[in-house]
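The values are calculated or read from the model by the stated rules, or taken from the named source; none is laboratory data. Since the model is a prediction, treat every value here as computed from it, not as a measurement. So basically every Cβ, Gly included, is an ideal-geometry build from the backbone, and we count neighbours across all protein chains shown. Only protein heavy atoms, including side chains, enter the accessible area calculation; ligands, DNA and RNA are left aside. Shrake-Rupley method; radii C 1.70, N 1.55, O 1.52, S 1.80 Å.
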Amino acid sequence: MDPLAAPLELVDAWAQGALALILGGSHASGTATWASVEGRRLCLSDLDVYAAVPDRARQRAAVERARADRAGLRRRLLDWGFAAPLEASFLTPDDLARLPARPATLELARHGRMWRGDPAWLGRVPRWRPADVSAEEIQLLLENRAFELLLAWPDLAAAPLPRLLARHAVLKCALDIVRVAALSRGEYPDGAAALAASAAPGPEDFRALLEAALAWRSGDVRALPPDASRREWRTAVAAWTGEWRARVGPEPGDCVRHARRGRLRRR
């Protein structure tokens with residue numbers, strides 16, 4: 001049985017008969033990370049699903065059903081073999097055709113995979129160029145990785161599954177720091193290896209972290225001792241801070257002025 005079937009059928013139930021279900025992210029590109037944890041095979045990667053619905057009324061109803069069904073969802077996902085979140089988006093056909101120029105849209109256009117429905121639905125996804133992604137969207141990607149790093153820290157010395165999830169987040173953030181720099185140049189290398197190769201020369205510890213991220217995606221999925229995990233985390237934070245200062249400015253006042261620009265709902 002397809003391991004994705006149960007969570008995707010849940011999204012379909014929320015939509016009550018989606019016109020199409022499209023996989024995005026790592027599950028679409030075939031790069032999702034799976035690990036053996038205490039004798040069980042578990043997925044550490046988020047599951048991103050786009051459900052096409054006919055109109056706004058069906059969209060609102062689907063969103064409400066998904067919200068009402070959140071209680072106990074984490075437990076159900078874990079029972080199905082998914083240790084990471086399920087992210088479901090309910091889109092009308094016009095919504096799908098008007099997806100904005102964001103990294104997730106670039107990925108969906110390149111690697112989106114139909115789980116159910118006419119493959120022509122993928123043709124509705126806009127084919128933005130990397131240069132079309134705005135500075136604001138690039139900055140949002142960088143800011144969101146800061147939250148992932150902060151959330152990862154407490155679990156670097158936790159039980160086996162939280163430790164694996166924390167390291168997964170740190171290694172993902174390392175690649176996304178390079179992705180931010182690439183997008184700032186109007187580039188979007190396809191795949192982790194091409195992305196890591198595009199990184200500007202930098203400290204040896206960050207290069208080693210990128211190598212670890214590539215090994216992780218190739219199946220070398222293992223938790224590290226807490227001290228080693230914390231060293232990786234500090235290396236990622238140092239790289240994140242360098243990218244942030246390069247984009248925003250080196251002084252505390254620069255950060256305050258920058259933060260005031262933001263819309264809280266997107267953050």
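Computed with a 1.4 Å probe over protein heavy atoms only, the accessible surface of segment 3-87 comes to 46 Å² per residue.
Computed about the Cα centre, the dipole magnitude for the chain is approximately 580 debye when only Lys and Arg (+1) and Asp and Glu (-1) carry charge, each at its Cβ.
Show me the helices of the chain, taken as full DSSP H stretches, that run 24 Å or more along their long axis by Cα and average -0.5 or above in Kyte-Doolittle hydropathy.
Passing helices, by number: 135-152, 160-184.
3J(HN,Hα) couplings calculated from phi for segment 44-53 with the Karplus curve 6.51 cos²θ - 1.76 cosθ + 1.60 (θ = phi - 60°) are, in sequence order, 9, 9, 4, 10, 9, 10, 10, 10, 7, 10 Hz; Gly and Pro show x.
From largest to smallest, what semi-axes in whole angstrom does segment 109-253 give when each is the square root of 5 times an eigenvalue of its alpha carbon gyration tensor?
Equivalent ellipsoid of segment 109-253: 27, 21, 14 Å, largest first.
Shown here: Rg/Rh (Cα atoms, Kirkwood Rh), derived from the displayed model; of the candidates [x] 1.10; [y] 0.93; [z] 0.96, it corresponds to [z].
Compared with the direct C-alpha span, the chain from Ala5 to Arg127 gains 41.1 nm at full extension, assuming 0.36 nm per residue.
Model label sites at Glu204 and Val63, defined 7 Å from Cα along the beta-carbon direction, differ in position by 5.2 nm.
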